[in-house]
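**Student:** Next up is a structure, given as C-alpha cells.
Bear in mind these aren't lab numbers, they're just calculated from the coordinates by the rules spelled out. What you see is a predicted model; the values in this text were computed from it and never measured. As a convention, Cβ positions derive from the backbone with ideal geometry for all residues, glycine included, and neighbour counts pool all protein chains shown.
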Ligand code: GRF
C-alpha cells in the first residue's frame, strides 16, 4: 500500500475527488495518509479533517531562504513516508531539490491540454481566459509528473473538454474540473499506486496486464 501525500493551497475539490475515489475503492493500492497545505486557512484542510486524514501546514514565508523551506518540506514528506505526492492546487513552486528527491513520484493536475496554455504564469482562471481568447474549440486537463520544467514533466493522462458558446473563464473552469480534472487525477493516482506507469525518455506508457 502506497502512502499518498496531497499538497494543497485552496478549496481542495481535487483532493475531494481523490478522497471520493478512495472511498469508492478506486485507489486499491494507495491511501491518502496526509494533506499538507501552504495556507492554514485552506478549506482543503477541513475536507481532510472531516475524513480523518492527518494534516500539516508549511508556509514559504516562515523560512528566510528558499533552500531552508525546501529542506523542511523534504523532511516533512519523509516523516510522512510519502511514496507519492499529489499537487492538487498547490500554489507554492517546488524547488529542484524537492523534485529530485521525489523524481517521477510527484503528480500535478493542470487545467489544459499540455502543451497548450501551460508554463509559468498559467494557473487558475488565467488558463481558461487564454483558451477562450485564442478561440480554441477544445481544451481539457492533464495529469503529469513534475520535473524541473514548469508543466513540462511526463504526461500521464489527458482528457478533452469542449468549449461552448457563451463560455466565461469561470464556466469553463467548472466544466474542466467536473469533466476532466476530477476524473483523470484519481485515475493517474490509481495507476501509479498499481505500479502501472513506466517512464522512458520523459514519456509514460501504461503497463497493461
Ligand atoms: C485546479 O484547477 C487545478 O487544475 C489547479 O489548481 C486548481 C485547484 O483547485 N492546479 P482545487 O483546490 O482542487 O479545488
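**Student:** Antiparallel versus total DSSP beta bridges in the chain: what percent is that, nearest 5?
**Tutor:** Working: 15 of 33 bridges.
If I count the DSSP bridges inside the chain, around 45 percent turn out antiparallel.
**Student:** For the chain, what does the equivalent ellipsoid look like in terms of its semi-axes, each the square root of 5 times an eigenvalue of the Cα gyration tensor, given largest first in whole Å?
**Tutor:** 25, 20, 18
**Student:** Which residue fluctuates most in the GNM of the chain (Cα springs below 10 Å): 119, 25, 135?
**Tutor:** 135
**Student:** Starting from the Cα of residue 174, step 7 Å toward the Cβ, then list every residue of the stretch 13-51 with an amide N under 19 Å from that point.
**Tutor:** Those under the cut-off are 13-17.
**Student:** Using Cβ contacts closer than 10 Å as the measure, can you line up 202, 79, 194 from fewest to most?
**Tutor:** So the residues, fewest neighbours to most, are 79, 202, 194.
**Student:** Over all distinct Cα pairs, what is the inverse of the mean 1/r for the stretch 110-209, reported as the Kirkwood hydrodynamic radius in Å? Walk me through the intermediate numbers first.
**Tutor:** Working: mean 1/r = 0.0714 Å⁻¹.
That comes to 14.0 Å for the stretch 110-209.
**Student:** I need the fraction of alpha carbon pairs in the stretch 1-67 separated by more than 15 Å, rounded to a whole percent.
**Tutor:** Result for the distance tail: 51 percent.
**Student:** Between 127, 136, 86, which gets the highest mean-square fluctuation from a Gaussian network model of the chain, Cα cutoff 10 Å?
**Tutor:** 136
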